[in-house]
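Quick notes on the structure that follows.
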Amino acid sequence: MARHIGIVAVSAEGAALCYRTICIEGAALLGRHAHPEVTTHTYPLADYMRHIDAGKWDEVGEMLLASAEKLRTAGADLLICPDNTAHQALDMVRDRSPLPWLHIAEEVAIVADERSFKRLLVLGTRYLMESRVYPEKLRPKGIQHEIPGPEARDRINTLTFDELVYGRFEEPTRSYFKHVIGDAQNRGCDAVILGCTEFPLLIGDADSPLPTLDSTRILARAALQAAVRQ
């Protein structure tokens with residue numbers, strides 16, 4: 001029997017993509033139409049953003065733990081959070097969790113290392129790009145990283161919260177992301193981390209100047225492997 005996966009959701013589009021990936025790709029491991037049991041819980045994104053905007057990461061962590069407890073009560077065996085930004089808080093409270101978590105940046109770092117990438121562009125919300133979430137997981141594997149400049153970080157952040165979290169994936173936004181990624185390619189980056197779980201819905205390998213590391217699907221696939229592992 002596969003273990004029950006609990007999804008601690010923050011934003012809808014990224015969580016939905018993660019859930020769909022688990023359900024669709026589960027069949028390859030478990031048989032036709034089969035996938036692990038999945039339960040999702042989320043508080044309103046507005047509640048998270050109130051604390052994130054105020055820099056109250058301890059409060060964000062408490063929200064993650066509250067979701068974790070609800071999922072434990074629902075029968076989950078392991079937890080994932082398909083939201084890169086919230087991992088800044090997860091790192092603060094992970095050892096207090098009632099259930100084990102897979103960490104999105106750890107899973108991305110594993111795949112980046114397997115694919116022999118050496119220098120990664122990290123894209124995400126401004127909070128994520130300016131945090132230690134990815135640097136702390138990439139550094140032990142000898143992988144360098146960079147982030148866009150301040151103006152690009154602000155614009156990407158605005159596009160994320162004004163468009164992407166609402167399911168709007170516009171061509172001008174896609175073109176802007178391609179421009180930012182192309183600049184990083186010219187500076188020597190060999191891949192890009194799509195470090196916001198909505199980003200893979202906007203841009204992928206077919207559009208990007210650099211190979212992409214799709215954090216949403218990487219996390220979903222890691223959860224699948226963990227769920228079926230005996």
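The values are calculated or read from the model by the stated rules, or taken from the named source; none is laboratory data. Small disclaimer: the values here were computed from a predicted structure and weren't measured. In this analysis, Cβ positions are derived from the backbone assuming ideal geometry, glycine residues included, and neighbour counts consider all displayed protein chains. Protein only, heavy atoms only, side chains kept; ligands, DNA and RNA dropped before computing areas. Shrake-Rupley method; radii C 1.70, N 1.55, O 1.52, S 1.80 Å.
Can you spot a residue in region 47-55 that is among the aliphatic types (A, V, I, L, M), open to solvent by 50 Å² or more (accessible area, probe 1.4 Å) and farther than 22 Å from Tyr134 by Cα? No, region 47-55 has no match at all.
Looking only at region 187-197, decide whether some residue is crowded, with 20+ Cβ neighbours inside 10 Å, touching a helix residue (DSSP H, G or I) at 6+ places or on another chain (Cβ under 9 Å) and assigned to a helix (DSSP H, G or I). For region 187-197, residues crowded, with 20+ Cβ neighbours inside 10 Å, touching a helix residue (DSSP H, G or I) at 6+ places or on another chain (Cβ under 9 Å) and assigned to a helix (DSSP H, G or I): absent.
Please go through region 198-230 and give me each residue that is under 9 Å from the mean Cα position of the chain (by Cα) and part of a loop (DSSP other than H, G, I, E, B), ordered by number. Break it down into steps so the answer makes sense when it comes.
Let us first name the residues in region 198-230 that are under 9 Å from the mean Cα position of the chain (by Cα), namely 198, 214-219.
Across region 198-230, the qualifying residue is only Glu198.
All conditions in (1) surrounded by 15 or more Cβ atoms within 10 Å (Cβ to Cβ); (2) out of contact with any helix residue (DSSP H, G or I) (no Cβ under 7 Å at 6 or more places or on another chain); (3) of a type in the set (Asp, Glu); (4) under 26 Å from Phe169 (Cα atoms) hold for Glu13, with the sole exception of (2).
Scanning region 218-230 for residues being among the charged types (D, E, K, R) and more than 20 Å from Thr39 (Cβ to Cβ) gives a total of 0.
Within region 1-50, track down each residue that is in a loop (DSSP other than H, G, I, E, B) and out of contact with any strand residue (DSSP E or B) (no Cβ under 8 Å at 6 or more places or on another chain).
If we filter region 1-50 for residues that are in a loop (DSSP other than H, G, I, E, B), which is where we start, we get 1-4, 10-11, 31-37, 43-44.
Within region 1-50, Met1, Ala2, Ser11, Gly31, Arg32, His33, Ala34, His35, Tyr43, Pro44 meet the criteria.
The single condition among (1) of a type outside the set (Lys, Arg); (2) closer than 13 Å to Leu224 by Cβ; (3) open to solvent by 10 Å² or more (accessible area, probe 1.4 Å) that Gly26 does not satisfy is (3).
Annotation note: Cβ proximity below 6 Å between a residue of region 214-230 that is open to solvent by less than 10 Å² (accessible area, probe 1.4 Å) and a residue that is assigned to a helix (DSSP H, G or I) and among the hydroxyl-bearing types (Ser, Thr, Tyr) (sequence gap 6+ or interchain) occurs for Ala220/Thr21.
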